[in-house]
Amino acid sequence: MLADRAAEPFGPPGIVVHAAGLNARQPWEAVTDAAWDAQIEAMLAAPFFLSRLLLPAMRERGWGRVLNIASLQSVRAMPDSIPYGAAKGGVAQLTRAMAEAWGRFGITCNAIALGFFPTGLTAPVFADTARAERLAVQTCLGRNGRLEDLQGAALFLCSPAADYMTGQVLFVDGGFTAK
């Protein structure tokens, strides 16, 4: 079983981060059933089912952290991303629902909603320099994210400093959603 294998090196995990993502970037007419299912399964179903597998040990310990990776598209539509946006919108609600269900066991569930960061998933966006610059200008800070910009938020939400924070979606987007 996956939970047993995860526990082998250091004991049962107390923190789980759900960071899987894929975005086919297709116009709505081109979205197949398989493309829809793949995106919903990877970004919405997997966080629930994996967390459910790891929950018993966290519950027994009386402490745990679930950190979901959401997106700007949790609250804002982008072109050619209907399945991605639907999944990430679902991640925001899943985070709140997990917090409500599991908080009584000492488990917090939060999400970080990412702006534009250079990753494998966003490579097509950053390959178009003009497009990447247009996105940077849309932020309050005038730049796209750097991976190190995520460290503080992730460490905070997984630490005892966030003991009284659950069901929240923290936007790490350079102010993209504020502008």
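Please report E8, E133 as a ranked list, fewest other C-beta atoms within 10 angstrom at the top and most at the bottom.
Details: E8 8, E133 13.
Ascending number of Cβ neighbours within 10 Å: E8, E133.
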Using only Cα positions of segment 89-160, each an equal point scatterer, no hydration layer, compute I(q)/I(0) via Debye at q = 0.17, 0.23, 0.26, 0.28 Å⁻¹ and quote the log10 values to two decimals. -0.78, -1.03, -1.14, -1.21
So for segment 26-88, using the alpha carbon gyration tensor with a ≥ b ≥ c as root eigenvalues (a/c under 1.5 gives rounded; past that, a/b versus b/c decides prolate or oblate), I'd call it oblate
Helix 46-61 versus the longest principal axis of the chain: what angle, 0 to 90°, nearest 10, using Cα atoms? 30 degrees
Tell me which residues come under 5 Å, amide H to amide H, from L170 once H is placed; ignore anything under 5 positions away on its chain. A111, I112, A113
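For A7 and T177 in one chain, what is 0.36 nm times their gap in residues minus the Cα-Cα distance, to one decimal in nm? Could you put the intermediate results ahead of the total?
Working: separation 170, 0.36 × 170 = 61.20 nm, distance 3.83 nm.
Extra length from A7 to T177 when fully extended: 57.4 nm.
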What does a probe at D128 reach in segment 78-113, counting residues whose amide N is under 15 Å from the point 7 Å along Cα→Cβ? 78-82
The chain pair-distance distribution - Cα-Cα, 5 Å bins, rounded %: 1, 8, 16, 19, 19, 15, 11, 6, 3, 1, 0
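With r defined as the distance between the Cβ atoms of R25 and R76 and R0 fixed at 22 Å, what FRET efficiency is calculated, to the nearest 0.05? Mind showing how you got there, number by number?
Working: r = 16 Å, r/R0 = 0.71.
Rounded to the nearest 0.05, the efficiency is 0.90.
Please report, in cubic angstrom per residue, the volume enclosed by the convex hull of the alpha-carbon atoms of segment 124-174. Walk me through the numbers before you get to the answer.
Details: hull volume 4.9 nm³, N = 51.
Cα convex hull per residue, to the nearest whole number: 97 Å³.
No value in this document is a laboratory result; all are computed from the given coordinates. Fair warning: this is a prediction, and the values are worked out from it, not measured in the lab. Using ideal geometry, Cβ is built from the backbone for each residue, glycine included, and neighbour counts are taken over all protein chains shown.
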